[in-house]
């Protein structure tokens, strides 16, 4: 709705701007920039996020093209007719945007809860078990990193926030128009070398031969690597999907959470930190 409706209401003035007998160089410049950016959005997987976050970058150029279309419309029609058509287009676009806002607010519930959602069951599981000093590797770094302690090191396996992976050569097994490769950046050896305490991936299921299937080639290669399968085991708690925990004894000793009677590791860490601060030589000297 957001994509089709918005472009349909803009189509007439855009077409008028581009169909002028002798287009100004400014219109050509704006049109070329919008077209190149549109191609980039298509090649990078499409603008699937709500309200089209990718297209926001070229909205100023699109607005200028729409203005050029309105100016052309005024030349074609008589002055009063052009004004009425322009007014109807503006009111139509404003009504469309208002409809989106009403849908977000009253149907989807945007703004009715916390600024950030509490997260899914896997995120809640990580909140219970991750210590601030831990390193974890994730395929979805945004919400997970936001929910975990600041001291936790996050390895973004897609490479958007990890400098090493971001500078790896591009790999696109599915071709330029393939899906499931992100921007083609991953490094299985690098992730394993970090020895993350937990690994989060988006599991799609298992193939007939028993190999894991994920929505990203890099994580599919990771979770099916013999070294990974030797070091990690999948978490089997109810509704916790796509979380792998390291097998070594030191981590397993901290692995238990409130579900089996042990205390929350994050709570323990906070309590010990407060005790150390209260009983430091400086604090004792000030008493």
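Every number here is computed from the coordinates shown, using simple stated rules; none is lab data. Here the structure is a predicted model, which means the values were calculated and not measured. Quick reminder, even Gly has a Cβ in these numbers, built from the backbone with ideal geometry, and neighbours come from all protein chains shown.
Give me the number: length gained by fully extending residue 91 to residue 71, i.e. 0.36 nm times residue separation minus the C-alpha to C-alpha distance, one decimal in nm. Write out the running numbers ahead of the final one.
Details: separation 20, 0.36 × 20 = 7.20 nm, distance 1.72 nm.
Gain on stretching residue 91 to residue 71: 5.5 nm.
With the simple model of a label 7 Å out from the Cα in the direction of the Cβ, residue 161 to residue 204 spans 2.5 nm. Between residue 43 and residue 150, take the C-beta separation as r, use R0 = 41 Å, and let me know the FRET efficiency to the nearest 0.05. Once the sixth-power term is evaluated, E becomes 0.70.
For residue 57 and residue 239, what is the calculated FRET efficiency with R₀ set at 45 Å and r taken between the beta-carbons, to the nearest 0.05? List each step's numbers first, then the result.
Numbers: r = 37 Å, r/R0 = 0.83.
So, using R0 = 45 Å, E works out to roughly 0.75.
Rounded to the nearest 0.05, what FRET efficiency do residue 26 and residue 102 have when you use their Cβ-Cβ distance and R0 = 35 Å?
On the way: r = 36 Å, r/R0 = 1.03.
So, using R0 = 35 Å, E works out to roughly 0.45.
Modelled spin labels at residue 170 and residue 12, positioned 7 Å past Cα toward Cβ, are 4.0 nm from each other.
Among 54, 70, 198, the order by Cβ neighbours within 10 angstrom, fewest to most, reads 54, 70, 198.
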